[in-house]
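A short write-up of the structure that comes next.
What follows draws every value from the coordinates through simple rules; no lab data is involved. Since the structure is predicted, the reported quantities are computational estimates derived from the model, not experimental observations. In this analysis, Cβ positions are derived from the backbone assuming ideal geometry, glycine residues included, and neighbour counts consider all displayed protein chains.
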Amino acid sequence: MTEPTLQWVALGALALVGAALLVFAIAGWLRGRGAVSREDLDARQQELLGALRDGLAQSRQDLEDKHRAMLADLNEGLTKQRDRIGLLQLALAESLAGNRETLLARMGEQARAEQELLQTTLRTITQQLAERADAMTRTVDTRLEQISGKVNERLEEGFRKTNETFASVMARLATIDEAQKKIDGLTTNVVSLQELLGDKRSRGAFGEVQLEGLVRNLLPPDAYEFQAQLTPLLRVDCLLKLPAPTGNVPVDSKFPLENYQRLQDSALAPVERNAIQALFRADVRRHIDDIARKYIIPGKTADGAVMFLPAEAVFAEIHAYHPELVAFAQQRRVWIVSPTTLMAVLNTARAVLKDVETRKQVHVIQQELGRLAKDFGLFEERMGKLATHIRQAHEDVEQVHISSRKISTRFREIERVELPPDALDAGPAVAQPAPPTAGDPAAGPAADSRPGPSPEAGPPALP
């Protein structure tokens, strides 16, 4: 029995129950109105209840029959479904068995094919590796031969350079031997120089020669004079001719060497060293007094003189350990200088001389600057004219470019013009170009803020 049938049976039972309830309701209503007697209503109710019981029993019997029929149909359907499932299982087992055999066969074939492919690949790789090994062996052999050749070349070059170095060392040793001989000769000369400096006149000549060399190297010839005659009986080693207000500066060479050399003996006792220092100070003080008394001559020389010490060591000794001598020299207006400090003094003097000569030529420099300023004024004027011409030429080029662009635009418009059919029937007519739009290069002067030729400068319209 299907589900819709059961639904109809249930609806029928419900309808009977509803009808019975309706009858009971009507009977109650009539009894309340007194239209029907109680006995009649009870009899009718009993009849309706009996009919309802019969109907319900019949409905129940029908429902049971239909339920049994439905269960029988369901059992029959399940049996048939079970038979079909059994058949499907048998068919599926047979199909799986066939597919398994086919799959195993295919897998075997694929395994054989893959094995063959693997063997072929292995043979190919082995062959390639062998070829590459041979090529690498040949390359390595070639490289080894090249390296061996380069090593041999470098060894030969190293041997050659070693031989050259050895020859150079031998030459240097020979040069060193010659230098040693010269050093030995120089030692002899130094001994001779010491013997020479042991004499006062020789020391004076040595200082004068050193002073002359320094002055000649740093000053022009007209700025100095050696052995200048100050008085008929007095000469100075060097006279520096400097401009006013300095004037002529006398330079005298002094070389207090004996007592200085005695001070260099480290074995001296303190008492002896003090005595020798007193003698050294007395020598220097005497030289300062002689220079100040002899060479500072009012009206002929400057108000100061220079004492030149040819030895830097003596100059350092005075300034380091005898400041009272420096103060005394300044008091006597005598400046103590060494070769190094004399060079600084002479450079200063040369700068003063150069400044004086420059001042003498100031008017010439001013005249030349005036001429240069005049020439620069002419250059500026001509440059302004040239800039004006260049700017005008640039504007003319822009004007020509605008006209060329307009003419080209007109020609393109004339080439693109299309006449209507009535114009062709009416005969030849003048082709007018399309009106220029805003921003078009052919729009004429109104479309370009820069001045240019008028639209009439373009070509005439073609017939």
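Ranked from highest to lowest mean number of other Cβ atoms within 10 Å per residue, what is the order of the peptides 333-346, 361-374? Before the final figure, lay out the partial values.
Values: 333-346: 17.6, 361-374: 9.9.
Answer by packing, highest mean first, reads 333-346, 361-374.
Using every pair of distinct Cα positions in segment 201-360, the Kirkwood expression returns a hydrodynamic radius of 16.6 angstrom. In terms of the Cα gyration tensor, with a ≥ b ≥ c the square roots of its eigenvalues, is segment 30-188 rounded because a/c is under 1.5, prolate because a/b exceeds b/c, or oblate? Oblate. Once the Cβ-Cβ distance of Glu225 and Glu380 is raised to the sixth power relative to R0 = 45 Å, the FRET efficiency obtained is 0.30. Take each peptide in 164-174, 215-225, count the other Cβ atoms within 10 Å of every residue, and average; sorted highest first, the result is 215-225, 164-174.
At a 10 angstrom cut-off on C-beta neighbours, averaged per residue, how do the peptides 246-258, 404-416 rank from highest to lowest? Write out the running numbers ahead of the final one.
On the way: 246-258: 20.7, 404-416: 14.5.
Sorting 246-258, 404-416 by mean packing, highest first, produces 246-258, 404-416.
Which loop-located GluC sites (Glu not before Pro) does segment 283-356 contain, where loop means any DSSP state but H, G, I, E or B and the Cβ has at most 14 other Cβ atoms within 10 Å? Working shown, then result.
Details: sites: Glu312, Glu317, Glu324; in loops: none.
The qualifying sites: there are none.
In this simple spin-label approximation, Glu101 and Thr79 carry label points 7 Å from Cα along the Cα→Cβ vector, and these lie 3.6 nm apart.
A full extension of the chain between Ala69 and Ser403 corresponds to an added length of 109.1 nm, given 0.36 nm per residue minus the alpha carbon distance. Label-to-label distance, Thr246 versus Glu47, with points set 7 angstrom from Cα along the beta-carbon direction: 17.1 nm.
If you take the beta carbon distance between Ser202 and Arg273 as r and set R0 to 45 Å, what does 1/(1 + (r/R0)^6) give as a FRET efficiency, to the nearest 0.05? List each step's numbers first, then the result.
On the way: r = 27 Å, r/R0 = 0.60.
After rounding, the FRET efficiency stands at 0.95.
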